[in-house]
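See below for the structure under consideration.
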Ligand code: SF4
């Protein structure tokens, strides 16, 4: 099926399946054959980390623009094959904080559960692009072990669903899991880190909204949006459904060379998110994952950008510039954000 034929699929599972396309299909659909995008594209990079882009996201990429900020996030590029000192397969050393399959326990009071290795989109800068998902499936008995761990550790009050994308999981499975968590008395908050409401907005189904609404836990969804162009009316509708299910919606972004490395882009992102009812939460500098060095922005430049942004927006639209440093008890904030 051609990308053109898939613009309005019936449901999110169909759209998830239709996210796979070849570099040639992508370039032809976007009228980019013979441009610099075709020159930088690399099937060897796609063999290492496949090209995945769902139809709802594809239609937001401008045709004929090789520098489109959404395109740059998904196009497998030859630059990914270069090796750079300090860039590794596991930049956050998560395998050292992985006491049970599917459970990452790095920070006091909260654990991260890897619900699914699947994503609807493959972001070329993803710090988990080399994560051993096959060893971290949470099916059957392993889920019972996770529940036992959470029940025993009364110091844990927040569970974070992560991935891959945790919302690549079915509504029925999510409902069962959330009910199991509801039954552990010391848990207070469920946080879901996801890019799916942005890249396939119709993932936010009524069934999922009802499951969230029914849970006794505080619910927080942290979206991953890097550019204002990623937010269209369908995304706004998905966010509204989430908010109507008693869920706080925040955003985290990654600062990426060529994508959002300007005050104008960051300001537009904060303002667009706020208009949709979302507060900007974190702006992360790039994690040093092998294959993503061409997206990097030095810390000094990142700090200057955020300081300039601070002069243009009210405090509630200023994301916290941060880096995750392995072994630290929390994220590390960068810069004083002083004007
Ligand atoms: S959606 Fe998230 S986990 Fe999946 S590739 Fe993108 S950044 Fe990585």
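Every number in this text was worked out from the coordinates using simple rules, so none of it is lab data. Just so we're clear, the structure is a prediction, and the values are computed from it rather than from any experiment.
Does anyone have the angle between helix 140-152 and the longest principal axis of the chain? Alpha-carbon axes, 0 to 90°, nearest 10?
Once rounded, one gets 60 degrees.
Where both residues lie in the stretch 222-339, what percent of DSSP beta bridges are antiparallel, nearest 5? Let's see the in-between values first.
Working: 2 of 13 bridges.
In the stretch 222-339, approximately 15 percent of DSSP beta bridges are antiparallel ones.
When only C-alpha pairs under 8 Å and at least 6 residues apart count, what is the relative contact order of the chain, in percent?
16 percent
What's the Cα-based Rg to Rh of the chain, Rh via Kirkwood? Kindly include the intermediate steps, with their values, before the conclusion.
Details: Rg = 19.5 Å, Rh = 20.6 Å.
Expressed as Rg/Rh, it is 0.94.
Quick check on the chain: helices-only [θ] at 222 nm, where DSSP H runs of length 4 and up contribute -39,500 (n - 2.57) each and the sum goes over total residues. Nearest 500, please. Provide the component values of the computation, followed by the final result.
Values: 13 runs with 106 residues, N = 339.
My calculation for the chain gives -8500 deg cm²/dmol from helical runs alone.
Which angle between 0 and 90 degrees, to the nearest 10, do you get for helix 171-182 versus the longest principal axis of the chain when only C-alpha atoms count?
That works out to roughly 40 degrees.
Which percent, nearest 5, of DSSP beta bridges in the chain are antiparallel?
Details: 8 of 39 bridges.
Roughly 20 percent of the DSSP beta bridges within the chain come out antiparallel.
What do you get for the angle between helix 233-243 and the principal long axis of the chain? Use alpha-carbon atoms, 0 to 90 degrees, nearest ten.
It works out to around 10 degrees.
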